[in-house]
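Beneath this line is the structure, given in structure tokens, with notes to follow.
Every read-out reported here was derived from the displayed coordinates using simple, explicitly stated rules and does not represent laboratory data. Given the structure is predicted, the values throughout are model-derived calculations rather than measurements. Backbone-built Cβ (ideal geometry, glycine too); neighbour counts: all protein chains shown.
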Amino acid sequence: TPLVKKQTSIPVALYGGRHAVTMLPGSGIGPELMTYVKNVFRYAGAPVDFQIVDIDPKSDDKKELEYAITSIRRNGVAIKGNIETKSESAEVRSRNVAIRNELDLFVNVLHCKSFPGVPARQKDIDIMIIRQNTEGEYAMLEHESVCGVVESMKVVTHSNSERVARWAFDYAKRMGRKKVTTIHKANIMKLSDGLFLETSRRIAKEYPDIEHNDMIIDNCCMQLVSKPHQFDVMIMTNLYGSIVSNVVCGLIGGAGLLCGKNYGDHYAIFEPGTRNTGTAIAGKNIANPVAMLNAAVAMLEHLGHTKHAKLIENAIIQTICHDNIRTQDIGGTNSSTDVVQAIIDHILQADVRPW
Ligand code: ATP
């Protein structure tokens, strides 16, 4: 029997149709981006109440992390900035990874779609990157076996490879996509990547309407830069997913545009696609608010508030693609708050209101 029969369960709305959502502002530009989300939601009348959980990057107090995880378990959904890991000590683990692992958010989805009119290295890109999100090189099993020799374990399991492959093919089918490409390095990592590749080939046979091929990660990076339009849906293990996501975001306009969606069977977390902290640009009113706002739109879609999602999405597109109101990272001259204000103005002027 298939390991995944359904995709992530949707939390039931509270009294009055409102949803409670955990908000983890994180570090760097995270808190200011969350302020924009709250403002935009207020003007759009989005029926969401945020439960804010701050995590201090300097502290390794386990209570904060436990509180965040408990809150997400209760609400089912979170929006999140990147939580910096200040310590380089092997003892202090990334709380971003801990949250994803603890909640078994085994798949990360990044829909890389070009924004018409926004300056980019490649135009008309429409690629779905589906990444295994909880194991592989992020198993965090590293040790110094003898002095001067460090070992780091990459863990690939049959069950997680199967879950992510099935999720990807189901998603491709639901979204009407035509082709899935598995990215790997099975010529060198014959057992680990070999298992991932072999599993995706086996699952592909259950979806005869979707073409399946595979590509070695190094060639994939070259092909993405030179001929990206050959890709439709891509699936890969954790670290390749991180690198490939950053390459594709770079092709279409950088870290400030796209959102990333993390799903398990029970919970979902929405965040900027490339998971940056942006410490160097924090507090300067220059960070692009769009990636976090797109994460908020994806969260509304997930909760079934599709009209509110569309209203905000249209306002974003009007602002950055038609009015050319953009931050510096995508070739503009506007501040973060200029962009947010223009989005709010479009929401207020919209003909169709969800309420
Ligand atoms: P740190 O994590 O310590 O902040 P970093 O070099 O790893 O430093 P990231 O935060 O990972 O930097 O971000 C990578 C790049 O993307 C930086 O140049 C950052 O300014 C840029 N960036 C990230 N998010 C945004 C955003 N929302 N708007 C504009 N630029 C962004």
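With a 10 Å cut-off between alpha carbons and a GNM built on the chain, which of ALA78, ALA204, ALA165 moves the most?
ALA204
When only C-alpha pairs under 8 Å and at least 6 residues apart count, what is the relative contact order of the chain, in percent?
Relative contact order of the chain: 22 percent.
Out of all DSSP beta bridges in the chain, what portion is antiparallel? Express it as a percent rounded to 5.
The answer is about 50 percent antiparallel.
Could you tell me which of ALA168, ILE129, ASN288 has its Cα farthest along the dipole of the chain towards the positive end, charges placed at Cβ (Lys, Arg +1; Asp, Glu -1), taken about the Cα centre?
The listed residue farthest towards the positive side: ALA168.
If you put +1 on each Lys and Arg Cβ and -1 on each Asp and Glu Cβ, how big is the dipole of the chain around its Cα centre, in Debye rounded to 20?
Computed about the Cα centre, the dipole is about 880 debye.
Using the Cα centre as the reference, give the magnitude of the dipole from point charges on the C-beta atoms of the range 203-279 (Lys, Arg: +1; Asp, Glu: -1; all else neutral), rounded to the nearest 20 debye.
That gives a dipole near 300 debye.
Please give the helix 238-252 orientation as an angle from the longest Cα principal axis of the chain, in degrees from 0 to 90, rounded to the nearest 10.
It is inclined by approximately 40 degrees.
Given R₀ = 30 Å, FRET efficiency for GLN341-LYS123 by Cβ-Cβ distance, to 0.05?
It comes to 0.60.
For the chain, compute the orientation-averaged projected area of the C-alpha convex hull (one quarter of its surface), in nm².
If you wrap the Cα atoms of the chain in a convex hull and average its projections, you get 18.6 nm².
Can you grab the distance from the C-alpha centre of the range 143-169 to the C-alpha centre of the range 49-94, Å, no decimals?
A separation of 23 Å, based on Cα centres.
Which entries of LYS123/LYS307; LYS63/LYS185; LYS62/LYS154; LYS38/LYS173; LYS227/LYS284; LYS58/LYS310 have Cα-Cα distances beyond 30 Å here?
LYS63/LYS185; LYS38/LYS173; LYS227/LYS284; LYS58/LYS310
Against the longest alpha carbon principal axis of the chain, how many degrees, from 0 to 90 and to the nearest 10, is the axis of helix 192-204 turned?
Taking Cα atoms only, the helix is inclined about 70 degrees.
Treating the angle as unsigned and between 0 and 90°, give the value, to the nearest 10°, between the Cα long axis of helix 217-226 and the longest Cα principal axis of the chain.
Long axis of 217-226 versus the principal axis of the chain: about 40 degrees.
What does the extension gain come out to for ASP351 and CYS321, with contour length at 0.36 nm per residue minus their alpha carbon separation?
Working it through step by step, the gained length comes to 8.9 nm.
How do the peptides 245-252, 224-231 rank, highest first, by the average count of neighbouring beta carbon atoms within 10 Å per residue?
My ranking of the peptides, most packed first, is 245-252, 224-231.
What percent does the relative contact order of the range 63-216 come to when contacts are Cα pairs within less than 8 Å and at least six residues apart?
Normalised by residue count, the contact order of the range 63-216 is 16 percent.
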